[in-house]
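Written below as structure tokens is the structure these notes are about.
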Amino acid sequence: MPTHPAPALLYPDVADRGSLAAALRAAADGRLDAVPVSSSDTAPLMHAVVGTSLPHRESLRVNAWVHKRRWSIRGTESFQSLALVDGETDDLAELAEAARAWHDGLPLEEIRRAAPFVHLTGRFEVPDRDPVRVTQSEWQHLRREADELEYPWRETHQALIETAYAEPALRALYPFTSHWALRFATATRPRPTVVGPMLSARDDGTYGVRWSLLDNDLGPFATAREAVAEAVRHLPPGLGPVTLGG
């Protein structure tokens, strides 16, 4: 079983301050003095939480890596707790810039400009929780995620996402993935109401359609278009607008 260096060895400057929260404040040179920043009592060198001034955002979470000197962030929206921003950096001052921008409620693109290591997940903020906009946000996230994949099956997965998005009957539904299979719902997270079969891209370049991961495939299908058409055929009639699943 691999062993990791002691946190104080990887992060001596953080150890000198006593916590990651204190180290962030020091790196910000006063810019975080009025911002709520805290670290846990159990692992003060490894974790920090930065508060936000916006009710539709959750606190920014900052975590230190255990095997090398590096930090990661995750900033989520408050209704579904899904990531709006994430990212990795070894620059504590840049980390502090991202923390300040998140707290102050800067738009997501401006947070990235303030701290270029910040990665936008594709989701956008929907303060009023309009289910149609929440659905559009999730589609945008899935399309960006598919475009950024580094797996060998990236092209087939991306073709599946884009073909499903181009189909109006599916685009109107709330999308999500489970084990990289594309699913649809008539209600959003956190409690989606699943409808229709799931779609998946296979390692051999073909596509699958099935009702669950344990069911037999209705395919295989040679193209994403054929798989999407099969999924649409199995949608129940009379589906109404997407609602909030909470």
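The values are calculated or read from the model by the stated rules, or taken from the named source; none is laboratory data. Note that the coordinates shown come from a computational prediction; the quantities given were computed from them, not determined experimentally. In this analysis, Cβ positions are derived from the backbone assuming ideal geometry, glycine residues included, and neighbour counts consider all displayed protein chains. For the accessible areas, the whole protein counts, side chains as well, though only heavy atoms, and no ligand, DNA or RNA atoms are used. Shrake-Rupley method; radii C 1.70, N 1.55, O 1.52, S 1.80 Å.
If you go through the stretch 212-228 one residue at a time, how many are open to solvent by 40 Å² or more (accessible area, probe 1.4 Å) and in contact (Cβ under 8 Å) with a residue 12 or more places away in the chain?
7
Within the stretch 80-128, restricting attention to residues that are under 21 Å from Arg144 (Cα atoms), among the charged types (D, E, K, R) and not in a helix (DSSP H, G or I), which residue is most open to solvent (accessible area, probe 1.4 Å)?
Glu88
Looking at the stretch 231-246, which of its residues are out of contact with any Gly (no Cβ under 7 Å at 6 or more places or on another chain) and not in a loop (DSSP other than H, G, I, E, B)?
If the condition is that a residue be out of contact with any Gly (no Cβ under 7 Å at 6 or more places or on another chain) and not in a loop (DSSP other than H, G, I, E, B), then Val232, Arg233, Thr243, Leu244, Gly245 are the ones that fit.
If a residue must be touching a helix residue (DSSP H, G or I) at 6+ places or on another chain (Cβ under 9 Å) and assigned to a helix (DSSP H, G or I), how many such residues does the stretch 197-228 contain?
Total satisfying the criteria: 4.
Results for (1) surrounded by 14 or more Cβ atoms within 10 Å (Cβ to Cβ); (2) among the charged types (D, E, K, R); (3) on the phi > 0 side of the Ramachandran plot, shown as yes or no for each residue.
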{"position": "Arg143", "(1), (2), (3)": "yes, yes, no"}
{"position": "Asp147", "(1), (2), (3)": "no, yes, no"}
{"position": "Tyr151", "(1), (2), (3)": "no, no, no"}
{"position": "Gln158", "(1), (2), (3)": "yes, no, no"}
{"position": "Ala181", "(1), (2), (3)": "yes, no, no"}
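Looking at Phe176, is it over 29 Å from Met46 (Cα atoms), open to solvent by 10 Å² or more (accessible area, probe 1.4 Å), modelled with pLDDT of 95 or more and within 15 Å of the chain's Cα centre (by Cα)?
Against the criterion (over 29 Å from Met46 (Cα atoms), open to solvent by 10 Å² or more (accessible area, probe 1.4 Å), modelled with pLDDT of 95 or more and within 15 Å of the chain's Cα centre (by Cα)), Phe176 qualifies.
So, of the residues in the stretch 56-66 that are free of Cβ contacts under 8 Å to residues at least 60 places away in the same chain and open to solvent by 30 Å² or more (accessible area, probe 1.4 Å), which turns out to be farthest from Asp13 (Cα to Cα)?
The qualifying residue farthest from Asp13 (Cα to Cα) is Glu58.
For residues that are under 19 Å from Ala115 (Cβ atoms) and in contact with a Leu (Cβ under 7 Å, 6 or more places away or on another chain), scanning just the stretch 12-42, find the one that is surrounded by the most Cβ atoms within 10 Å (Cβ to Cβ).
Only one residue fits best here, namely Leu20.
Picking from Thr206, Thr186, which residue would you name as being closer than 20 Å to Thr135 by Cα, more than 20 Å from the chain's Cα centre (by Cα) and open to solvent by less than 40 Å² (accessible area, probe 1.4 Å)?
None of the other options fit; the residue is Thr186.
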